[in-house]
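Written below as structure tokens is the structure these notes are about.
None of the figures in this text is laboratory data; all of them are computed from the coordinates on show. Please read all numbers here as calculations on a predicted model, not as lab measurements. Note that we place each Cβ from the backbone using ideal geometry, even for glycine, and neighbour counts take in every protein chain shown.
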Amino acid sequence: MTRFTRVLTKTILIISLITGWCNRLQAQDVYFSQFFMNPVYLNPAYAGTMKVPRTGVQYRNQWPGMDKAYTTYFASFDTYLPQITSGIGFLLYNDVQGDGIYTEKCFKIAYSKEIRINREWTMYGSLTAGAQLNSLNFNRLIFADGLDPIYGQHQPTAETVPDNNNRIFPDFGAGLLIFNDKYFFGIAGDHLHEPDQSIYAGYSQVLHRKYTMHLEINLPWYKPGHLRKYCTFNPNFILQAQGTEQNITYGLYANRKGFSLGLWNRLTTRKSADCIVMAGYVGRQLKTAITYDLNLKGVGLRSHGAVEISISYLLKDPGKKSIFPFYEIPGEWDIR
């Protein structure tokens, strides 16, 4: 493959996957494999549920074999306000696409209200508000009419330059979470008013509404004759839909004395399939995990999959066991 062909192919890939100028493609939100480490992003109703301040950071490098296709940085904070039995959270992320040619920066505030249904069941309802900034570095794009096929020299292009390389717009969402010490069920919606994110005047590019439904079950395992939990198994299921795209993630992880292993499968409407493996550590206050996504069908092994690393820290010792999956340490606090 010649240098001209390589550059042209890379340019077409970036334009198609990142900017969404092809009408048949739909822009999609960032998808994190470690949904259990940034639950407020999955569903804002998780804000405040730990009853102590919680902060977290996350890094995701997707498809590193395609020259820094997608790199995402995420940070969050949430805490509980006992005076008003509510939670509040903040989250922000920077999604860098095409090695910085296109970026999406987002900041949101989440408010959740705790409602006790009965002695066993609790419900949290939430609203989010924030803003997103999309930026295009147009000068770094290389078009076919601006590339000399022999010498590879960059020439002026006849492509239309955007009126403004930056587009900022408000964004709103909502979520609902219902749980007891065994079952955790939630639904959430984001981009409720489907904002226009186009950087071209007179051309509309809608950020489609996203729907999320998730279910997780906490299954303890006690060894015969023992009072403390030996380990826990947590099967989980997530269904997300945005525009014409849907994806399903299902699998489980197991915790044993603070150590965790997980395995999931993710399927999409583009007939893509990922196998996700996870290893993590769950301490009283510090939680950390690393995952690797292996693409089995779609872009394939040449993409080198995706690596995700995250750290979550409780700023105050909870003082008692947590009922929330991945935040409970089997065998340390729990007695049957």
Task: From phi via Karplus (6.51, -1.76, 1.60), per-residue ³J(HN,Hα) for the range 103-112 in Hz, x at Gly/Pro - done: 9, 10, 10, 9, 9, 9, 10, 10, 10, 10
- [ ] Pairs to check: Lys51/Lys321; Lys182/Lys320; Lys68/Lys108; Lys223/Lys287. Give those whose C-alpha atoms are more than 21 Å from each other in this structure.
- [x] Lys68/Lys108; Lys223/Lys287
TODO: Please give the contour-minus-distance gain from Thr269 to Phe77: 0.36 nm per residue of separation, less the Cα-Cα distance, rounded to one decimal in nm.
DONE: 65.9 nm
Open item on the list: 5 Å is the cut-off here: which amide hydrogens, built 1.01 Å from N in the peptide plane, fall below it relative to Ser198, excluding neighbours closer than 5 in sequence?
Closed with: Gln205
Task: Net charge, Tyr31 excluded, C-beta distance under 11 Å - Lys, Arg +1, Asp, Glu -1 - done: -3
Task: Inter-site label distance for Ala131 and Tyr281 at 7 Å from Cα along Cβ, in nm - done: 3.9
Open item on the list: Could you compute the net charge surrounding Lys51? Neighbours are other residues with a C-beta less than 15 Å from the C-beta of Lys51; K and R count +1, D and E count -1.
Closed with: +2
- [ ] Sort 54-60, 275-281 for me by packing, meaning the mean count of neighbouring Cβ atoms within 10 Å per residue, highest on top.
- [x] 54-60, 275-281
Open item on the list: Report the gain in length on full extension from Ala144 to Phe259: 0.36 nm times residue separation, minus Cα-Cα distance, nm rounded to one decimal.
Closed with: 36.2 nm
Task: Projected label distance in nm at Ile217 and Val161, using a 7 Å step from Cα toward the beta-carbon - done: 6.0
Task: Lys, Arg +1 and Asp, Glu -1 on Cβ, resulting dipole of the range 192-254 about Cα centre, debye, nearest 20 - done: 520
